[in-house]
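The values are calculated or read from the model by the stated rules, or taken from the named source; none is laboratory data. Because the structure is a prediction, the values reported are computed rather than measured. Glycine gets a Cβ as well: all are built from the backbone with ideal geometry, and neighbour counts include every protein chain shown.
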Ligand code: B12
Ligand code: SF4
């Protein structure tokens, strides 16, 4: 079969994150590896740097695709994914559409009701292969007997097959098809390419606003040998930088130390970035030093807040002291910090919010703030639904810029407060000057953040006048 794997089209009015960091869609490279060979695969990225939906239509014709399979982790992208899938089917009778990733795994019925042919629930590896083999007619397995698939019968009945068991080991999985991913420029070495690597699947923590614990349920790690093989493969392919997709790098700090030592010993050190918890950076300063030697240059830290009460309410399992110490430890070793924060959690006072901007600016190289959002699948979502405190269910409202709680505060005022605080940071001359220079990794990342923000504002304004460019 000829399969195109794709992302939902970029919607610049919905997120400012497209350019901030350097992550290609690794889920697609994993899905591609599961089926090729024998099937022929092309990855068409729709969400990178340019608006390329039209390209997808062209690729389907040119490649004579039998199947287009989308990745969709972020719930607000669900509507546009369904729309593009429908348009593709109208233009190409007989084309089969599939979707995988977090949002459809939580809400498969919504996608099937809106015309998607199949949903791959949770892990791609075995389910996607079994489904494509079934569609190609290379196996006799009945669709009802493929665990992990959601589909619709001829009578229009939606069927959710039982979930497939999660992988016990990643050692036997094929290497993700990074060779099929589009070029992502490295921020550390101009002219070279960057890629992504997954060392861990899932997160052992239970932050209330986060979907990861419910999505994977169980936290699993690749073996050190497998990770080293992947890094060697990445280097052989010519990549000179990698972003780690793990929810929490170095949760097993001893294992991370071993990995870094081996990377250095085997000449596999490579600039890398990823997400790290503040308590890891605080409790293991020597590990940070070692990770830096192995190539760590950038971390995203979910500081979230500098209020004790807010951190406790979110079940973040860390403290404001650890937030501060983490920043010191990372800075000491020259690791760039993208500090993520949340704005507008119920009970967060004006003083707490003021602290986020003040301390956030002090503790980070790049300041990021999201509106506190009850993402579908998070404990917060179920709590708010139970209490009837979430008036909107429109997926696009879950874009982390809207204030979604019914708690007596004015959503418009909350939104303005949110925007004002971001502007305070990004319009500061000391930050602006980095964007103008654009020479070091820090300057390049800040410049990307500005470009994202400009596009976000432009597209949002155009949308107000009824113009949406896809
Ligand atoms: C890299 C990344 C990004 C990159 C996107 C890269 C890209 N081009 O895809 C950037 C930086 C741009 C980004 C932006 C945002 N992100 Co992000 N991101 C991630 C991150 C860290 C890694 C994704 C990844 O590659 N994982 C590794 C791959 C192998 O796993 P996977 O994608 O889940 O794929 C597996 C399965 O899901 C499934 N699968 C997935 N796709 C497909 C497709 C098919 C066809 C099949 C069969 C199966 C399948 O099979 C795969 C293997 O088993 C995840 C967290 C995480 N650890 O996954 C957050 C995450 C997806 N992001 C999140 C968020 C909130 C955002 C932003 C909203 C941030 C912001 N405030 O703006 C934006 C939204 C942008 C958007 N429209 O999607 C949330 C989503 C929460 C939610 N419920 O919606 C996550 C889960 C982080 C979190 N802890 O909450 N993100
Ligand atoms: S916010 Fe981070 S640490 Fe908390 S549950 Fe989600 S991925 Fe894990």
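Among the residues of segment 363-378, not a single one is without any contact (Cβ under 8 Å) to a residue 40 or more places away in the chain and assigned to a helix (DSSP H, G or I).
For segment 337-344, does any single residue satisfy the condition of being over 28 Å from residue 263 (Cα atoms), touching a helix residue (DSSP H, G or I) at 6+ places or on another chain (Cβ under 7 Å) and in a strand (DSSP E or B)? Yes, segment 337-344 has at least one match. Within segment 378-394, the set of residues being touching a helix residue (DSSP H, G or I) at 6+ places or on another chain (Cβ under 8 Å) and at pLDDT below 90 comprises 390 only. Against the conditions (1) surrounded by fewer than 20 Cβ atoms within 10 Å (Cβ to Cβ); (2) in contact with a strand residue (DSSP E or B) (Cβ under 9 Å, 6 or more places away or on another chain); (3) at positive phi, residue 388 satisfies every one except (2).
Among all positions in segment 296-306, there is no residue which is assigned to a helix (DSSP H, G or I) and touching a residue at least 40 places away in the same chain (Cβ under 8 Å). Residue pairs, Cβ under 6 Å, 6 or more apart or interchain, first in segment 269-291 and part of a helix (DSSP H, G or I), second surrounded by fewer than 20 Cβ atoms within 10 Å (Cβ to Cβ). List them. Close Cβ pairs (under 6 Å, with a partner that is surrounded by fewer than 20 Cβ atoms within 10 Å (Cβ to Cβ)) amount to 282/325; 287/253; 287/257; 288/333; 289/333; 290/257. Based on what the data block shows, is residue 310 within 16 Å of ligand 2 (Cβ to nearest atom), without any contact (Cβ under 8 Å) to a residue 60 or more places away in the chain, in contact with a strand residue (DSSP E or B) (Cβ under 9 Å, 6 or more places away or on another chain) and closer than 30 Å to residue 232 by Cβ? When the stated conditions are applied, residue 310 does not pass them. Every listed requirement among (1) within 16 Å of ligand 2 (Cβ to nearest atom); (2) surrounded by fewer than 18 Cβ atoms within 10 Å (Cβ to Cβ) is met by residue 203 save one, (2). Looking only at segment 236-262, filter to residues that are touching a strand residue (DSSP E or B) at 6+ places or on another chain (Cβ under 9 Å) and either assigned to a helix (DSSP H, G or I) or outside the structural domain of residue 197 (by TED's automatic domain parsing) (or both); which one of those is nearest to residue 169 (Cα to Cα)? Checking each candidate, the answer is 255. Applying the condition of being without any contact (Cβ under 8 Å) to a residue 60 or more places away in the chain and surrounded by fewer than 16 Cβ atoms within 10 Å (Cβ to Cβ) to segment 58-72 and asking which residue is nearest to residue 117 (Cα to Cα) yields 61. Being out of contact with any strand residue (DSSP E or B) (no Cβ under 7 Å at 6 or more places or on another chain), within 13 Å of ligand 1 (Cβ to nearest atom), part of a helix (DSSP H, G or I) and within 19 Å of residue 100 (Cα to Cα) is a property that does not hold for residue 174. Screening 276, 290 for residues that are more than 16 Å from ligand 2 (Cβ to nearest atom) and touching a helix residue (DSSP H, G or I) at 6+ places or on another chain (Cβ under 9 Å) leaves exactly one candidate, 290. Once segment 189-200 is narrowed to residues that are in a strand (DSSP E or B) and touching a residue at least 60 places away in the same chain (Cβ under 8 Å), the residue that is surrounded by the most Cβ atoms within 10 Å (Cβ to Cβ) is 195. Residues being under 25 Å from the mean Cα position of the chain (by Cα), farther than 22 Å from residue 23 by Cα and within 16 Å of ligand 1 (Cβ to nearest atom) are entirely absent from segment 268-275.
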